[in-house]
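Data first, discussion second: the structure below is written as structure tokens.
Values quoted throughout were computed directly from the atomic coordinates according to the rules given, and no laboratory measurement underlies them. In this text the structure is predicted, and so the values were computed from the model without any measurement. Here the Cβ is made from the backbone with ideal geometry for all residues, glycine too, and neighbour counts use every protein chain on show.
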């Protein structure tokens, strides 16, 4: 974990969704050796996100949660070779989006719909 409560909260929310959908392994932050600027990157099983963040900067909570969910999708797809998470109704990949001030998992199938708030996949899907 970091010293930034917004970043840590975002990772914990995405971890809950990973656990709820059976994705093994731990999602976290790390600063890889190859990153000369020392940015924190979302890390999953040794796979690092392409985008880095600074723990010492302010982060808007909803935007950060959407970003961390997106970066988690990137590293999970690279490491596991599959799309995560998927819509329980359509089996399409979900998209993390900010909708009316909330961080949501949305499905684009059948005209589009909200599946769950990020961090709550276990609660209703």
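A few remarks follow.
- Protection proxy ranking, highest mean first, for peptides 24-36, 109-121: 109-121, 24-36, where packing is the per-residue count of other beta-carbon atoms within 10 Å, averaged.
- Principal axis dimensions, largest first and in whole angstrom, of the stretch 66-125 by Cα: 30, 24, 21
- Normalised per residue, the volume of the convex hull around the Cα set of the stretch 5-124 (Å³): 98
- Folded to 0 to 90 degrees: helix 61-80 orientation relative to the chain principal axis, Cα: 90
- The angle separating the long axis of helix 5-20 from the principal Cα axis of greatest extent in the chain is about 40 degrees.
- Fraction in percent of alpha-carbon pairs per bin - 5 Å, the stretch 43-91: 5, 19, 23, 22, 16, 10, 4, 1, 0
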